[in-house]
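Please read the structure below before turning to the comments.
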Amino acid sequence: MARASTTQRKIVVTVIAWIIALAIFFPILWTILTSFKTEADAIAIPPKFLNFTWTLDNYITVQERSDYFRHFMNSVIISLGSTVLALIVAIPAAWSMAFVPGKRTKDILMWMLSTKMMPAVGVLIPIYLIFRDWGLLDSRTGLIIVLMLMNLPIVVWMLYTYFKEIPGEILEAARMDGASLGKEILYVLTPMAVPGIASTLLLNIILAWNEAFWTLNLTTSNAAPLSTFIASYSSPEGLFYAKLSAASTMAIAPILILGWFSQKQLVRGLTFGAVK
Amino acid sequence: MTTTIRGLMGACCLAAFGAPLAAETITVATVNNGDMIRMQGLMAQFNEKHPDIEVNWVTLEENVLRQRVTTDIATKGGQYDVLTIGNYEVPIWAKQGWLLPLDDMGADYDAADFLAPVAQALTVDDKLYAAPFYAESAMLMYRSDLLEKAGLTMPEDPTWDFITEAAEKMTDKDAGVYGICLRGKAGWGENMAFLTAMSHSMGARWFDMEWKPQFDSPEWKETLDTYLNLMTKYGPPGASSNGFNENLALFQTGKCGMWMDATVAASFVSNPEESTVADNVAFAPFPHKDGVDNHGNWLWSWNLAIPASSTKQEASKAFVAWATSKEYTNLVAEEDGIANAPPGTRTSLYANEEYLKAPFAQPTLTAIENANTQHPSVQEVPYTGGQWISIPEFQAIGTAVGQVFSAALAGTSTADQALTAAQTLTQREMQRAGYPK
């Protein structure tokens with residue numbers, strides 16, 4: 001009886017999981033399918049699922065019109081650069097908060113998180129003026145800095161959560177053995193927190209890759225990443241859905257593939273410390 | 001060591017004196033539409049004429065472009081040398097001193113050839129501040145086969161009463177055909193573009209001469225009642241989220257009997273490669289209320305302007321002059337056929353017999369010529385405009401009112417509630433902005 005109900009429960013849970021997964025994946029699937037349709041098929045009512053004339057024309061048009069590789073390289077450099085810079089700043093910060101907490105540590109953590117609650121557009125003009133005066137507009141350096149700052153609260157929070165799980169005694173032992181602060185963080189803490197750091201790194205790359213406010217507002221052409229590449233195919237007057245879908249597919253493909261390969265690491269990192 | 005240094009110095013000298021003169025690069029911000037993309041494909045011809053100017057294109061979605069370009073020009077960021085902006089922005093930005101006057105574009109430019117209503121909307125203190133690249137008005141596009149089946153004939157100058165009758169008779173919901181498709185998506189350039197033009201054609205106005213909002217007037221009541229009646233009875237489901245593209249898709253797939261929108265749609269719906277109803281499309285002027293001599297005064301143009309902060313003004317002017325010249329029209333005609341020339345800006349294009357063969361050419365010209373942006377309403381008004389009001393606050397107010405009207409279309413409020421809310425919020429915003437000024 002118990003076994004039957006367990007099996008039944010398992011089936012129900014599996015079906016629900018599949019439905020949710022398909023619902024989440026459906027927009028991506030539809031974008032990919034639309035990218036292989038003609039513009040006429042893309043707007044057909046009722047929508048055509050697989051029974052349309054498959055074409056690669058949209059990809060050819062997008063390739064001819066835009067320099068995909070330049071946008072792609074900008075995305076790679078900006079997302080990797082901002083992530084590495086964020087980790088360099090966040091690891092010592094999270095170390096101090098996790099292992100040497102002060103009276104105000106919790107307040108500082110909350111304050112850091114509260115900066116994420118303000119709409120980005122609220123600080124657009126001041127940042128734009130600073131970037132203009134420092135010559136950082138349309139530069140990859142500028143975007144690396146601003147994306148690092150935008151994602152820093154999340155990175156610090158994630159690392160803080162992982163570091164809290166590591167027994168402080170191990171670090172204490174290292175100190176007893178004469179390790180300096182730098183060596184303690186670099187050779188003792190970091191290797192132990194590799195799964196946490198890896199998932200933070202991956203999540204931050206995804207966040208930076210998909211960022212579409214600062215990347216659109218602070219770039220024109222030299223530093224423009226894939227978000228601007230997609231934006232150039234959106235049109236309020238004219239039906240270019242198939243081309244837009246092709247551009248979107250090309251923009252999300254690299255990060256989707258990265259997500260697939262690292263999903264084990266990502267899930268492990270995100271659920272780390274969830275069960276206590 | 002010495003040899004190495006000498007060698008390096010020599011190489012530097014060679015590099016300095018031997019390199020050809022560097023081309024000047026100008027950055028052009030533009031929107032993603034067919035005409036602009038076509039121009040990007042014709043850059044080789046521009047470079048033949050101006051080998052010393054390199055053009056760097058930045059193509060963005062219209063709303064992103066507007067936000068991006070406004071930020072840059074207001075902060076004198078200097079990221080762009082040529083901007084693609086609408087005739088809504090041009091007078092406002094020109095008065096701020098943000099744009100370079102374009103009054104010395106060369107002897108053969110022939111600025112007098114621009115259609116008068118289009119040029120007028122871009123002129124401040126007798127100076128042209130942007131060169132029109134293409135222009136559009138609004139008109140009625142309808143299915144002649146469905147109208148005939150309904151036993152009606154389109155009058156030369158249709159009224160809203162006729163539109164209501166035709167919408168009722170053309171609607172066949174079982175067959176998935178709706179009598180009328182109109183914009184419902186909230187936004188100053190979305191449903192409010194249509195509703196502002198419609199209100200003008202009903203004899204309404206946004207403000208009286210003291211800048212007091214007029215949503216409590218009988219003319220606005222009639223406008224909103226007519227719109228909601230048409231759309232709820234004869235419109236497609238989910239119309240409150242429909243904009244230009246959604247209606248274009250519906251019309252092209254045979255789901256709409258009539259559609260009133262920008263004239264640029266005419267070339268799409270009559271193109272058999274894109275539209276399933278291309279053979280049965282006909283055009284008529286934007287409707288009006290019986291007794292009101294006003295067709296909405298919808299006039300939009302995409303224009304090329306040069307920010308005053310650009311450090312490459314001469315190169316930018318050379319590009320703008322080329323892109324908006326008669327020579328460019330001829331170039332498009334040679335490469336892609338005259339029907340693909342950017343419409344609505346030059347009188348000379350409409351003198352071309354070949355161009356007039358396109359079914360949309362004459363109706364577009366008539367619609368543009370009838371648009372009067374200087375006196376958009378039959379009543380006295382303190383503003384210029386057409387499907388928008390030429391004040392900087394209109395973007396915010398128009399979008400807020402658009403949300404209220406879109407909610408009424410979705411059925412979450414009545415017409416009266418929507419008009420009261422629109423009146424209150426507009427009055428509040430205008431007071432905050434310091435009107436009357």
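Read the figures in this text as sums done on the coordinates, not as results from a lab. Remember, predicted model here, so these are calculated numbers, not experimental data. Here the Cβ is made from the backbone with ideal geometry for all residues, glycine too, and neighbour counts use every protein chain on show.
Relative to the longest principal Cα axis of chain A, at what angle does helix A:124-133 sit, 0 to 90 degrees, rounded to 10?
80
Quick one: Cα centre-to-centre distance for segment B:289-340 and segment B:164-215, in angstrom?
Distance between centres, Cα-based: 28 Å.
Quote the Stokes-Einstein diffusion coefficient, in whole µm² s⁻¹, for segment B:203-271, based on the Kirkwood radius over alpha carbon pairs, a temperature of 10 °C and a viscosity of 1.306 mPa s.
The Stokes-Einstein estimate is 112 µm²/s.
So for the protein assembly as shown, what percent of the C-alpha to C-alpha distances run longer than 32 Å? Show your work: numbers first, answer last.
Details: 154808 of 253828 pairs.
Of all Cα-Cα pairs in the protein assembly as shown, 61 percent lie more than 32 Å apart.
From the mean inverse distance of alpha carbon pairs (Kirkwood) and the Cα radius of gyration, derive Rg over Rh for segment B:103-233.
Over the Cα atoms of segment B:103-233, Rg/Rh equals 1.08.
Find the all-direction average of the projected area of the Cα convex hull for segment A:4-70, expressing the result in square nanometres with one decimal place.
It is 7.3 nm².
Under the definition of partner shielding as Cβ atoms of other protein chains within 10 Å of a residue Cβ, what is the mean value for peptide A:62-70?
Across the residues of A:62-70, the mean count of other-chain Cβ atoms within 10 Å is 1.
Going out from 0 in 5 Å bins, what whole percent of all Cα-Cα distances in segment A:66-232 drops into each bin?
1, 8, 17, 17, 17, 13, 10, 8, 5, 3, 1, 0
Along the positive direction of the dipole of chain A (beta-carbon charges: Lys, Arg +1; Asp, Glu -1; about the Cα centre), which of A:ALA17, A:LEU152, A:THR249 reaches farthest?
Positive-most Cα among the choices belongs to A:ALA17.
Greater than 25 Å separation of Cα atoms is the criterion. Which listed pairs, B:LYS76/B:LYS312; A:LYS243/B:LYS233; B:LYS185/B:LYS221; B:LYS289/B:LYS437; B:LYS149/B:LYS357; B:LYS49/B:LYS317, meet it?
Long pairs (Cα-Cα over 25 Å): A:LYS243/B:LYS233; B:LYS289/B:LYS437; B:LYS149/B:LYS357.
Got a sec? How would B:LYS169, A:LYS48, A:LYS264, B:LYS289 order by Cβ neighbour count within 10 Å, fewest to most?
Numbers: B:LYS169 17, A:LYS48 14, A:LYS264 9, B:LYS289 20.
Fewest to most other Cβ atoms nearby, the residues stand as A:LYS264, A:LYS48, B:LYS169, B:LYS289.
How big is the dipole moment of the protein assembly as shown about its Cα centre under a simple scheme where the beta carbon of each Lys and Arg is +1, that of each Asp and Glu is -1, and everything else is neutral? Debye, nearest 20, please. Walk me through the intermediate numbers first.
Numbers: 48 positive and 68 negative charges, 818 e Å.
Charge dipole of the protein assembly as shown: 3920 debye, to the nearest 20.
What dipole magnitude, in Debye to the nearest 20, does segment A:66-232 give about its Cα centre under +1 on Lys/Arg Cβ and -1 on Asp/Glu Cβ?
220
Can you tell me the Rg and Dmax of segment B:141-297, counting just the alpha carbons, in angstroms?
15.3, 51
Roughly how many whole Å is it from the C-alpha centroid of segment A:74-141 to that of segment A:18-66?
What the calculation gives is 37 Å, centre to centre.
How many nm separate the modelled label positions at A:THR271 and A:ASP107, each set 7 Å beyond the Cα in the direction of the Cβ?
Inter-label distance under the simple model: 3.8 nm.
So, R0 is 56 Å and r is the distance between the beta-carbons of A:LEU258 and B:GLN313; what FRET efficiency does that work out to, to 0.05?
On the way: r = 45 Å, r/R0 = 0.80.
So, using R0 = 56 Å, E works out to roughly 0.80.
Beta carbons within 10 angstrom, averaged per residue: use that to sort the peptides B:405-416, B:114-125, B:330-341, A:8-19, highest first.
Packing proxy ranking, top to bottom: B:114-125, B:405-416, B:330-341, A:8-19.
Identify all lysines with a Cα-Cα distance to A:LYS164 below 17 Å; exclude those on the same chain that are fewer than 8 residues away in sequence.
Within the straight-line limit of under 17 Å, A:LYS164 reaches these lysines: A:LYS103, A:LYS106, A:LYS276.
For a bin width of 10 Å, list the pair-distance distribution of segment A:133-210 built from all Cα-Cα distances, rounded to whole %.
Once binned at 10 Å, the Cα pair distances of segment A:133-210 give 16, 36, 27, 16, 4.
Checking the a/c ratio against 1.5 first, then a/b against b/c, what shape does the Cα gyration tensor give for segment B:234-297?
It is oblate, given that a/c is not under 1.5 and a/b is not larger than b/c.
Please give me, ordered by residue number, the chymotrypsin sites (Phe, Trp or Tyr not before Pro) of segment A:88-137 that lie in loop per DSSP and have at most 12 other Cβ atoms within 10 Å.
Of the chymotrypsin sites (Phe, Trp or Tyr not before Pro), the ones in loops of segment A:88-137 whose Cβ has at most 12 other Cβ atoms within 10 Å are A:TRP134.
Exactly which GluC sites (Glu not before Pro) in segment B:98-204 are in a DSSP loop and have at most 14 other Cβ atoms within 10 Å?
B:GLU156
Hey, what does the equivalent ellipsoid look like for segment B:26-133, semi-axes from the Cα gyration tensor as sqrt of 5 times each eigenvalue, largest first, whole Å?
Three semi-axes, in Å: 21, 20, 14.
Mind checking the log10 I(q)/I(0) for segment B:332-408 at q = 0.12, 0.13, 0.22, 0.28 Å⁻¹? Debye, one equal scatterer per Cα, no solvent, two decimals.
Debye curve over Cα of segment B:332-408, log10 I(q)/I(0) at q = 0.12, 0.13, 0.22, 0.28 Å⁻¹: -0.57, -0.63, -0.95, -1.24.
If you take the beta carbon distance between A:ARG70 and B:THR276 as r and set R0 to 41 Å, what does 1/(1 + (r/R0)^6) give as a FRET efficiency, to the nearest 0.05?
Working: r = 39 Å, r/R0 = 0.94.
Computed FRET efficiency for A:ARG70 and B:THR276: 0.60.
Indicate the gyration tensor shape class of chain B (rounded, prolate or oblate), computed on the Cα atoms with a ≥ b ≥ c the square roots of the eigenvalues: a/c under 1.5 is rounded; otherwise a/b larger than b/c is prolate and the rest oblate.
Note, shape of chain B comes out prolate.
Show me, bin by bin at 5 Å from 0, the whole-percent P(r) of segment B:289-437 based on Cα pairs.
1, 8, 11, 12, 13, 14, 13, 10, 8, 6, 2, 0
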